[in-house]
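The structure under discussion appears below in the form of structure tokens.
Computed from the coordinates by the stated procedures, all read-outs in this text should not be read as laboratory data. Model, not experiment: these values are computed from the prediction. Cβ placement follows ideal geometry from the backbone for every residue including glycine, while neighbour counts extend to all protein chains displayed.
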Amino acid sequence: MLRMQAPLPDRYRTATPDQLDSWIAAAKDHLGDRLLILGHHYQRDEVMRWADARGDSFRLSQLAAADTRAEYIVFCGVHFMAESADILTAATQQVVLPDLNAGCSMADMADIDSVEEAWEALAAVIDVERLVPITYMNSSAALKAFVGRAGGSVCTSTNARAVLEWALGRGDQVLFFPDQHLGRNTGLAMGFDHADMVVWNPRLDRGGLSEAQCKSATFLLWKGHCSVHQRFTPEQVSAFRAAHPDGIVLAHPETPYEVCELADMVGSTDAIIRRVGAAPPGSTIGVATEIHLVQRLAAEHADRAVLSLDPIVCPCSTMFRIDAPHLAWVLEGLVDGEVRNRITVDPETARWAKVALERMLSIT
Ligand code: 13P
Ligand code: SF4
């Protein structure tokens, strides 16, 4: 989805890193407890150093839901995370995304019209009362609202298994969007087989599936993916293992299953951080996830070799849009009483999206 971020004023574009740091520090100091800066683990260091709290998307949603103090929540992450924070916080709290172009290509792979069309097409062949829609956190508020109305839940990579177990306790089938890989990897970890899963292609009639396939599949997985994690390959794992026979391989569940099945551990961003922290000094750890996190882990654990499995650097280009100039620009706006780049969700969408988000928070 294209959102328009106007170019920053010259003051920010031409500032030196030291100037930006001093402006950000001064604004933080001025705003004090009225400000909470949240940073996703994929943020670059020049931004992350200013975060009051860091986390994966699940942790950050918990933090946003729990905070009642801050008047302004500056979300250093991507658009869907800022929307979720707006939904989970009080009406008096304002959520700000420093660069409006910080979207998520995966979230854009499922839009509300295509999901509603899919639901209608499925209703013609199966009992949708027994079909539970689950949306990954990486989706628009409109999709979260759809799921809330239809009796489903949001999930993140931290709690996908618990949410899918919950879903299959209240229905027979799951429509999972937008990330086919998280759905497939979680289903396989739960003991299901590839034969229990089909991929719904929103560009084709009835998802490109036969009536029989729609009826028999336990998991209908939306044809979406993360452009960062989909880059990892089994060949990279083999090359790493050949070079480091005692090495440990960690993969994020947005990575294709051919890689995950070769990994020593598949887990969310937070799980990867914990596993690296628990590895003995001297370990060599190959990680399949976003490069800023891998580099930060390498810097924080100098007694371990933490390497990206992808020899060609793979940043998330939209997370990367949040930088010190944009952070300084929104913070100085707040000091001047001007809320720049506020993210809001309309009340009706927010009401139902909150139902789906709170279901997730109560399941896990
Ligand atoms: P988590 O923060 O849930 O690990 O997800 C990673 C991601 O891709 C965020 O966009
Ligand atoms: Fe989206 Fe992938 Fe970037 Fe996460 S890493 S924000 S899923 S494109």
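Can you list the lysines whose alpha carbon sits under 18 Å from that of Lys354, skipping same-chain ones fewer than 8 residues off?
Leaving aside lysines fewer than 8 places away in the same chain, those within reach of Lys354 are Lys144.
Rg to Rh for the range 211-296: what is it, with Cα atoms only and Rh by Kirkwood? Write out the running numbers ahead of the final one.
Numbers: Rg = 15.2 Å, Rh = 14.2 Å.
Taking Rh as the inverse mean 1/r over Cα pairs, Rg/Rh reads 1.07.
Can you pull a Stokes-Einstein diffusion coefficient for the range 132-246 at 37 °C (0.692 mPa s), Rh from Kirkwood over Cα pairs, as a whole number of µm²/s?
Stokes-Einstein gives a translational diffusion coefficient of 217 µm²/s.
Pairwise over distinct Cα atoms, reciprocal of the mean inverse distance: report the Kirkwood radius of the chain in Å, one decimal place.
Mean inverse Cα-Cα distance, inverted, gives 21.2 Å.
Could you run the Debye sum over the Cα atoms of the range 49-129, one equal point scatterer each and no solvent, and tell me log10 of I(q)/I(0) at q = 0.11 Å⁻¹, two decimals?
-0.42
As I understand it, the dipole of the range 260-318 uses +1 on the Cβ of Lys and Arg and -1 on the Cβ of Asp and Glu, about the Cα centre. Which of His292, Ala279, Ser317 lies farthest toward its positive end?
Farthest towards the positive pole: Ala279.
With n ≥ 4 as the cut-off for DSSP H runs, can you work out [θ] at 222 nm for the chain, using -39500 (n - 2.57) per run divided by the number of residues, rounded to the nearest 500?
-12000 deg cm²/dmol
Taking each pair of distinct Cα atoms in the range 101-143 once, what is the resulting Kirkwood hydrodynamic radius in Å?
Values: mean 1/r = 0.0864 Å⁻¹.
Result for the range 101-143 stands at 11.6 Å.
Can you tell me the dipole magnitude for the range 81-236 around its Cα centre, using point charges on the Cβ only (Lys, Arg +1; Asp, Glu -1), in Debye to the nearest 20?
280
Where does the charge balance sit around Val335 when Lys and Arg score +1, Asp and Glu -1, over other residues with C-beta under 13 Å from its C-beta?
Counting the neighbours of Val335, the net charge comes to -2.
How big is the antiparallel share of DSSP beta bridges in the chain, given as a percent to the nearest 5?
Here the share of antiparallel DSSP bridges comes out near 5 percent.
Under the rule of at least 5 residues apart or a separate chain, name every residue whose amide H is placed under 5 Å from the amide H of Gln5.
Asn101
Debye calculation, C-alpha points only, no solvent: report log10 I(q)/I(0) for the range 1-73 at q = 0.27 Å⁻¹, in the same order as the q values.
Summing over Cα pairs of the range 1-73 leads to -1.20.
Which cross-chain or sequence-distant (5 or more) residues have an amide H under 5 Å from the amide H of Ser308, H modelled 1.01 Å from N in plane?
Val287
What is the Cα centroid distance between the range 1-78 and the range 342-364, reported in whole angstrom?
Here the two parts' Cα centres lie 22 Å apart.
Put +1 on the Cβ of each Lys and Arg and -1 on the Cβ of each Asp and Glu in the range 138-263; which of Thr218, Leu250, Val147 then has its Cα farthest toward the positive end of the dipole?
About the Cα centre, the residue reaching furthest to the positive side is Val147.
In terms of modelled amide H atoms, which long-range or inter-chain residues lie less than 5 Å from the amide H of Ile248?
Thr284, Ile285, Gly286
Sort 202-209, 319-326, 82-89, 59-66 by packing, meaning the average of other beta carbons within 10 Å per residue, with the highest value first.
82-89, 319-326, 59-66, 202-209
Treating the beta-carbon of each Lys and Arg as +1 and of each Asp and Glu as -1, no other charges, what is the dipole magnitude of the chain about its Cα centre, to the nearest 20 debye?
280
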